[in-house]
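> This is the structure I want to talk about, given as C-alpha cells.
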Amino acid sequence: RPPVVTIMGHVDHGKTRLLDAIRVTDVVKGEAGGITQHIGAYQVHHPVEGGVRELTFIDTPGHEAFTAMRARGAKVTDIAVLVVAADDGVKPQTIEALNHAQAADVPIVVAVNKVDKPGADPAKVRGQLTEYGLVAEEYGGTTMFVDVSAKAGTGLEELLDAILLTTDAALELLEDASVNAQGVAIEARLDKGRGAVATVLVQRGTLRTGDIVVAGSEWGRVRALIGDTGAQIKEAPPSLPVEVLGFNGTPEAGDRVAVVESEARAREITDYRERQKRDRLAARGAGSGAGRSLAEMMRELKEGAGRKEFPLVVKGDVQGSVEAIVGSLEKVGNDEVRARVLQSGVGAITESDVTLAQASGAVVVGFNVRAHKEAREAAERAGVEIRYYNIIYNLMDDVKDAMSGLLAPTLRETMLGNAQILEIFNVSKVGKIAGCRVTDGTIERGANVRLIRDGVVVHEGKLSQLKRFKDDAKEVVAGQECGMSFESYQDMRAGDVIECYRVEEIKRTL
C-alpha cells in the first residue's frame, strides 16, 4: 500500500503551501485549475523508474491533532515530513513537532523550505537539527534532508523520491485488499445537506458503497464514497482517503473504522462501546483517567510492571533552566529504569503538552511556569498529572524517588522491648486499657506491637496510647509499670506478652 505522510513543522514555515505545491504537480490530475481539495487528505502519483507510485498526504491542523489521534490508539502516519524554513531555522514549534513525531516512532524526512529567499541558510538548519538527533546523510547520519521551495516549485520531485526511499528502507507496507475494510476516521463533521460526513483513511481491505461500517460508537451503511477531487468513487483500497456518507452520528477523530457483516452486529458493537464510553466518563469523574499520577507510576514501578522508561514532559521559564533539568534527568537511571523526556520547552504548559503526556502515559513537569486554563481542564479530563516546582533539586528528588520505586525496598525490623499484661481495666469513652509491666528493653508510643498468647501471635498493630499513671508517656523502660491501648483491638487478656518493635524501610536508590 502507499505510505501515509503527515507534514509537520512551525506555524509559518510553509506547510500548507508545500502541500498545495505537491498537489499541483500531481502527474495524474494534470491541470491544477480544476482541482478542489474537498477533504483533509489526498493522494498524489509520482513517476518512478518502472511506473507510477502513490503517496497519501494528511493535512492535519497541527501536531496536536496528530497526537490526539495517537492518544486514542490510532496509528495513522507512516512517515512524518518536518518542514523548516531555511531563512528562519529551528523554532520551538519545530522541536515540538519533532518530539511528537519521535514519540510516535515514525521515520522523519526533513524538507528545508524557502531556500530561494535571501538569507536562506540550509546548512544552518542541518546543524541545528543535529542537536536533536536528526543527522543528515551528508553528515554521516540516516535522515534525508531535501532543499525545496514551495513558492518556486523546486525540489518537490526530490522530496517525493526521499519519502519513497525512506519508506522502502524503514517500512514494510503490505496489506490485503481483498478482506473487509478497516481504517481510521481522520476527521468528521455534520453537514446540513448530507448528514454525518467522516473522512476515513482505509488501512487494510477495500471499502465499498453499501458496506455496513462501525466507527467508535457510531455505525451506518455507506451511501457514497467521495474522493479527494470531489468525484464519487465505487471503492477505496488501502491508504486511500475518502469521505464516507451514511453514518447515523458523527464519529470522533481517531475512531477505528471497520466493516461488519450485518446491521444487528453493528448495533451490538456500538451499544457496547457506548456503555464503555459512559463507564469511562463515570470513572474519570471519580478521579481515574488515561494519564497517571507520579504516585501511581511509582506504585506501578514498585509492583514490577517492567516499565523501563519513565516518560516526562518538561516546561520551564527560561531555556537555561530547561536545559539544566533535561541534562540532569538524562543522567538519572541505571540498567533497569531511565527517565525519558518526551518534550521540553520554554513557556506555559499548553494543551499540546497535556495531549502528548496523555498519549504517552507521562507526567507534565512545570518549572517556574503554570498551565493555561485550557491545559488544566484538559489534564483534569484526561487524568494527566501536572507537577509544579521552583527548585531543581526538589524536582530531581521527586523523579529519583519515583524511579527508585522499581527497586523493591528492604524492610528491617528492630526489637525495642517486651511487656507483660498484669490486669485489664475498662475505661469509659476509651475502652479497654492493659495494665502492664515492661520486662525488658523499652516500650515506645506509636511503635508496632505484637500480642502473644500461649506462644501464638494473636494480633499485630500499632500502640495507640501509652501512660505512666495518668500522664501520657513517650516511652517506658524495663521494670516500670504502664497502661497501654491498641489501635482497633480490645481483646487483651492478663498474662498476654507484648512485643514492641520498629520497622524501618530501607530504600534502594539510584
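> Please name whichever of I95, L156, T143 sits farthest to the positive end of the charge dipole of the stretch 68-218, dipole taken about the Cα centre and charges placed at Cβ: Lys and Arg +1, Asp and Glu -1.
Checked the options; the winner is I95.
> Which loop-located trypsin sites (Lys or Arg not before Pro) does the stretch 338-430 contain, where loop means any DSSP state but H, G, I, E or B and the Cβ has at most 16 other Cβ atoms within 10 Å? List each step's numbers first, then the result.
On the way: sites: R338, R340, R370, K373, R376, R381, R387, K400, R412, K429; in loops: R370, K429.
Here the trypsin sites (Lys or Arg not before Pro) that fit, given the DSSP loop and packing criteria, are R370, K429.
> Where the convex hull is taken over the Cα atoms of the stretch 336-455, what is its projected area averaged over directions, in nm²? Numbers along the way, then the final one.
Details: hull surface 57.5 nm².
Orientation-averaged projected area of the Cα hull: 14.4 nm².
> Excluding residues fewer than 8 places away in the same chain, name every one of the lysines whose C-alpha is closer than 26 Å to that of K114.
Once the sequence-local lysines are set aside, what remains near K114 is K15, K29, K91, K124, K151.
> Could you give the angle, 0 to 90 degrees to the nearest 10, between helix 156-170's Cα long axis and the longest principal axis of the Cα atoms of the chain?
50 degrees
> Same structure, new question: Please compute the length gained on full extension between K474 and E175, using 0.36 nm multiplied by the number of residues separating them and subtracting their Cα-Cα distance.
Values: separation 299, 0.36 × 299 = 107.64 nm, distance 7.38 nm.
Extending this stretch completely gives an extra 100.3 nm.
> For the stretch 331-449, give the share of DSSP beta bridges that are antiparallel, in percent and rounded to the nearest 5; count only bridges with both residues there.
Numbers: 11 of 16 bridges.
If we restrict to bridges inside the stretch 331-449, about 70 percent are antiparallel.
> Which residue, T414, L240, L342, has the largest displacement toward the positive end of the dipole of the chain when charges sit on each Cβ (Lys, Arg +1; Asp, Glu -1)?
T414
> With charges only on Cβ, +1 for K and R and -1 for D and E, what is the dipole size of the chain about its Cα centre, in debye, rounded to 20?
Details: 63 positive and 75 negative charges, 339 e Å.
For this selection, approximately 1620 debye.
> How much accessible area per residue does the chain have, in Å², with a 1.4 Å probe?
It amounts to 48 Å² per residue over the chain.
> Also: Roughly speaking, to the nearest percent, how much of the chain's 1.4 Å accessible area is carbon and sulfur?
On the way: 11620 of 24520 Å².
Within the chain, the accessible surface is 47 percent carbon and sulfur.
> Among all the aspartates and glutamates, which ones have a C-alpha under 18 Å from K462's C-alpha, if same-chain residues fewer than 8 places away are not counted?
K462 reaches E413, E444, D472, E475, E487, D491, D496, E499, E504, E505.
> Tell me the angle of helix 92-103 to the major Cα principal axis of the chain, expressed in degrees between 0 and 90 and rounded to the nearest ten.
80 degrees
> Here's a follow-up. For the Cα atoms of the chain, what angle does the longest principal axis make with the long axis of helix 15-24, in degrees from 0 to 90, nearest 10?
Long axis of 15-24 versus the principal axis of the chain: about 30 degrees.
> Further question: Label points 7 Å out from Cα along the Cβ direction at E481 and V326: separation in nm?
7.1 nm
> Would you calculate the volume per residue, in Å³, of the smallest convex hull containing every Cα atom of the stretch 91-199? Present the calculation step by step, with values, prior to reporting the outcome.
Working: hull volume 20.9 nm³, N = 109.
So the per-residue Cα hull volume is 192 Å³.
> Given Cβ point charges of +1 (Lys, Arg) and -1 (Asp, Glu) and nothing else, what value in debye, to the nearest 20, does the dipole of the stretch 146-285 about its Cα centre take? Don't jump to the answer; show the numbers that get you there.
Working: 18 positive and 23 negative charges, 193 e Å.
In total the dipole reaches around 920 debye.
> Could you order E261, E252 by accessible surface area, starting with the largest, using a probe radius of 1.4 Å? Show your work: numbers first, answer last.
Values: E261 140, E252 75 Å².
These residues rank, largest area first, as E261, E252.
> Need one value: the accessible area of D491 in square angstrom, 1.4 angstrom probe, rounded to the nearest 10.
Its heavy atoms expose roughly 70 Å² to the probe.
> Which one, [x] 24.2; [y] 26.2; [z] 27.4, gives Kirkwood radius over Cα pairs in Å as derived from the coordinates shown?
Identified label for the calculated read-out: [z].
> In addition: Can you tell me the length gained on complete extension of the stretch A152 to Q276, counting 0.36 nm per residue apart and subtracting the Cα distance?
That works out to 39.5 nm of additional length.
> Using a 1.4 Å probe and ignoring any ligands, DNA or RNA, find the accessible area of H45 and quote it in Å² to the nearest 10.
40 Å²
> Still on this model: Normalised by the residues of the chain, what does the relative contact order come to in percent, with Cα pairs under 8 Å and at least six apart?
RCO, the chain: 10 percent.
> Please report the antiparallel percentage of DSSP beta bridges with both residues in the chain, rounded to the nearest 5.
Working: 89 of 126 bridges.
DSSP beta bridges in the chain are roughly 70 percent antiparallel.
The values are calculated or read from the model by the stated rules, or taken from the named source; none is laboratory data. The model shown is predicted, which means the values in this text are computed figures rather than measured ones. As a convention, Cβ positions derive from the backbone with ideal geometry for all residues, glycine included, and neighbour counts pool all protein chains shown. What goes into the accessible areas is simple: the full protein's heavy atoms, side chains included, and nothing from ligands, DNA or RNA. Shrake-Rupley method; radii C 1.70, N 1.55, O 1.52, S 1.80 Å.
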